[in-house]
Amino acid sequence: MVTPFGTSPTPNTRDRATDQRVSAPIIDAIRLVLDVPYAAVVFPTSTPTQLGPNAQRIAAVVDSAIGEGRPVAVCDTLGPHSVDGTPAETPVRAVIAAPFVSPQHGCGAVVAFDIVPRDFAERDLAILAQFARCILSELHLSERADTDDLTGLTRRQPFTAALGLLLHEFAEHETPAVLSIVDLDHFKRINDGFGHAAGDLVLRLAAQAMRRVLGPDAILCRLGGEEFAIALPQYTLNMALPVLERTRRAIGTLSVPEHEGIAVSASFGVAPLNAALGTVSAWFKTADAALYTAKQSGRNQIRVGWQTRPDAETGATHAADQNGQRWSGLSIAI
């Protein structure tokens with residue numbers, strides 16, 4: 001969709017995770033000030049499921065507000081029936097939406113609606129526009145809090161929230177995703193031999209290389225120190241491995257200004273999402289076990305791991321970690 005702000009991208013998993021953390025007090029204030037029972041922050045094409053049978057109607061008003069670049073009210077024109085003519089469970093009779101645009105999240109809107117006929121005044125439009133500015137400010141603050149200062153990548157907490165959404169989407173729709181944990185090899189030698197400033201530069205260059213190769217659909221995280229994580233929504237393992245291999249090679253060819261003696265490489269542990277992974281912790285642990293194998297096998301390589309349940313019928317054998325978790329399929333992927 002093309003708007004006065006430019007092309008509005010489809011919100012990705014990271015953006016939807018951020019949207020869910022928008023402050024509840026602001027939403028509560030909108031309901032109180034405008035005297036409406038419902039309010040929400042939405043992005044086009046991803047109207048929250050909690051809007052229920054009215055989602056399409058509300059999304060249409062949101063798209064109109066974003067398209068016109070100004071607050072829009074639709075008052076008692078939607079009628080008591082749904083789009084297909086059947087009675088709606090809780091029909092929307094009045095909707096008001098005010099748009100905003102964020103450099104990080106694209107176009108969105110704050111929306112309020114009522115299930116009884118009513119008219120919204122110009123003052124209501126102005127009030128909701130002010131709330132949209134508050135939402136935008138909070139998104140900016142959230143983005144700063146969620147971003148690693150050194151590399152510009154996502155921090156662990158919002159990254160974990162995004163993984164939770166991917167798990168939910170897999171459970172609901174079997175939408176594939178792949179997680180990779182990346183560790184820069186022998187990073188301590190860089191810090192000890194060239195200084196921490198050189199080490200920080202290597203971390204920034206590695207983050208830039210990952211972002212350049214993986215593109216905007218990947219969710220990139222700095223877990224801490226020299227360890228990173230990559231989530232690839234809607235990627236199967238076969239789709240993910242070639243792009244992760246290009247990422248490994250890009251890191252391996254990094255040139256560090258003023259430090260020609262620095263050689264950089266990285267080890268990758270990869271875990272495709274599957275039915276045996278019921279929690280974010282299990283998904284992380286699977287990728288981390290594969291990373292451990294990659295490092296123990298000589299570093300600068302990719303290993304794949306997945307968690308499986310013991311197969312009593314076939315008598316399949318499984319490797320077990322020190323905590324008794326069972327693992328299989330730890331192998332060289334590339």
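The values are calculated or read from the model by the stated rules, or taken from the named source; none is laboratory data. In this text, all values refer to a predicted model and were calculated from it rather than measured experimentally. Here the Cβ is made from the backbone with ideal geometry for all residues, glycine too, and neighbour counts use every protein chain on show. Ligands, DNA and RNA are stripped out before the accessible areas are found, and what is left, the full protein with its side chains, is counted by its heavy atoms. Shrake-Rupley method; radii C 1.70, N 1.55, O 1.52, S 1.80 Å.
Taking Cα centroids, how far is region 150-215 from region 271-306 in Å?
What the calculation gives is 14 Å, centre to centre.
Report ³J(HN,Hα) in whole Hz for each residue of region 190-204, in order, from the Karplus equation J = 6.51 cos²θ - 1.76 cosθ + 1.60 where θ = phi - 60°; Gly and Pro get x.
Working through the residues one at a time gives 5, 4, 6, x, 10, x, 5, 4, 5, x, 4, 5, 4, 4, 5 Hz.
Among residues other than residue 213 whose Cβ falls under 14 Å from its Cβ, what is the net charge (Lys/Arg +1, Asp/Glu -1)?
Surrounding charge for residue 213 is +3.
Leaving out ligands and nucleic acids, note down the accessible area per residue over region 97-241 with a 1.4 angstrom probe, in whole Å².
Normalised by residue count, the accessible surface of region 97-241 is 45 Å².
At a 1.4 Å probe, what is the % contribution of carbon and sulfur to the accessible area of region 159-308?
Whole-percent figure for carbon plus sulfur exposure: 50.
Just read off the accessible area of residue 253 with the full protein assembly in place, 1.4 Å probe, to the nearest 10 Å².
Answer for residue 253: close to 110 Å² accessible.
Would you grab the residues whose amide H sits under 5 Å from the one on residue 175? Only those 5+ places off in sequence or on another chain, please, with H modelled 1.01 Å from N.
Here the answer is 170, since their amide H atoms fall under 5 Å of that of residue 175.
Largest first, how would 306, 283 line up by accessible area (1.4 Å probe)?
306, 283
Work through the residues other than residue 29 whose Cβ is under 15 Å from its Cβ and net out their charges, Lys, Arg +1 and Asp, Glu -1.
Overall, the nearby charge balance is -2.
Probe radius 1.4 Å, ligands and nucleic acids left out: which of 188, 295 has the largest accessible area, and how do the rest follow?
Descending accessible area places them as 188, 295.
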